[in-house]
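What follows is a short report on a single structure.
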Amino acid sequence: MIITSDIGYIKGVVEKRSAVFIYRGIVDVDTLLRYYPRKYLDFKNYVSVVGAPIEEYCCIKAKVVTKITEHRIRKNMVVYKFSAADDTGVLDITVWNNKYIYNTINPHQEYLFYGKVTGGFTRKQMSAPIIKTIDNNEIIPIYTAIENVSSASLKNIIKNALDSVELDEPLPKEILDKYDLLNIRDAISQIHFPKCQLEVDKARKRLAFEELLTLQLGMAMRKSINRSKVGTIIEHDYSN
């Protein structure tokens with residue numbers, strides 16, 4: 001799959017953005033679609049407060065049990081604190097300079113909190129988590145940052161690119177069937193817009209297989225070229 005359509009022709013890529021993309025090595029539709037997420041925030045798989053691993057990132061489903069308190073630390077620095085809990089324990093949450101959270105989080109309502117867990121076994125803490133409502137449980141792709149391009153904008157640009165092109169399948173159907181691989185369109189779609197972790201895993205399997213096969217074919221071709229360059233040595237007969 002090689003699509004050489006210029007990056008500037010994709011909906012959402014203005015001239016200023018085009019230069020930024022090119023600086024990142026994203027010069028056409030192919031390199032854009034191959035700009036894979038570096039990780040995912042999984043709001044579908046959550047753990048209990050007591051089951052949350054210390055010093056690791058995870059998603060916790062818990063109910064807000066206290067009012068949000070506002071603490072002005074200094075000029076331009078406001079800290080908001082509240083606690084959420086489930087049947088296993090309490091999670092103390094701290095958010096900085098986010099008036100939106102203060103105005104929208106409701107006591108006695110359940111939320112999904114994604115962030116790094118600190119604290120102890122019975123009382124855990126999370127600072128500056130991403131907070132979503134229970135019905136907004138999704139898998140969010142996270143990309144290596146591109147200057148002046150938000151994650152949401154990048155997702156829209158990738159979707160526009162994917163919707164505007166036909167992807168030629170580089171692998172034979174018998175290979176796809178033999179190794180239970182996704183076709184290229186489904187793989188590219190699921191790596192950028194997965195509905196569950198299983199879709200991520202299947203997309204990675206397909207794309208990794210293709211990259212490995214391409215590498216092996218390239219090495220085999222290089223060996224073949226090198227062998228063809230080896231000429232026959234002709235010894236001169238000095239007896240005459």
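Key figures for this structure:
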{"quantity": "Subset of the stretch 64-79 (residues that are open to solvent by 90 Å² or more (accessible area, probe 1.4 Å) and either in contact with a Phe, Trp or Tyr (Cβ under 7 Å, 6 or more places away or on another chain) or in contact (Cβ under 8 Å) with a residue 24 or more places away in the chain (or both))", "calculated": "K67"}
{"quantity": "Filtered residue count, the stretch 1-22, keeping only those that are in contact (Cβ under 8 Å) with a residue 24 or more places away in the chain and either open to solvent by 20 Å² or more (accessible area, probe 1.4 Å) or in a helix (DSSP H, G or I) (or both)", "calculated": "12"}
{"quantity": "Boolean, A19 is at pLDDT 90 or above and of a type in the set (G, A, S)", "calculated": "no"}
{"quantity": "Qualifying strands (runs of 3 or more DSSP E) (wholly inside the stretch 56-132; at least 3 residues being over 24 Å from Y40 (Cβ atoms) and modelled with pLDDT of 90 or more)", "calculated": "69-74, 77-85, 90-96"}
{"quantity": "A52 vs. criteria in contact with a strand residue (DSSP E or B) (Cβ under 6 Å, 6 or more places away or on another chain) and either open to solvent by 80 Å² or more (accessible area, probe 1.4 Å) or outside any strand (DSSP E or B) (or both)", "calculated": "yes"}
{"quantity": "Filter pass, K61 being open to solvent by 70 Å² or more (accessible area, probe 1.4 Å) and either touching a residue at least 24 places away in the same chain (Cβ under 8 Å) or over 28 Å from the mean Cα position of the chain (by Cα) (or both)", "calculated": "no"}
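The values are calculated or read from the model by the stated rules, or taken from the named source; none is laboratory data. Please read all numbers here as calculations on a predicted model, not as lab measurements. Here Cβ is always computed from backbone atoms with ideal geometry, including for glycine, and neighbour counts include all displayed protein chains. With ligands, DNA and RNA removed, areas are computed over all heavy atoms of the protein, side chains included. Shrake-Rupley method; radii C 1.70, N 1.55, O 1.52, S 1.80 Å.
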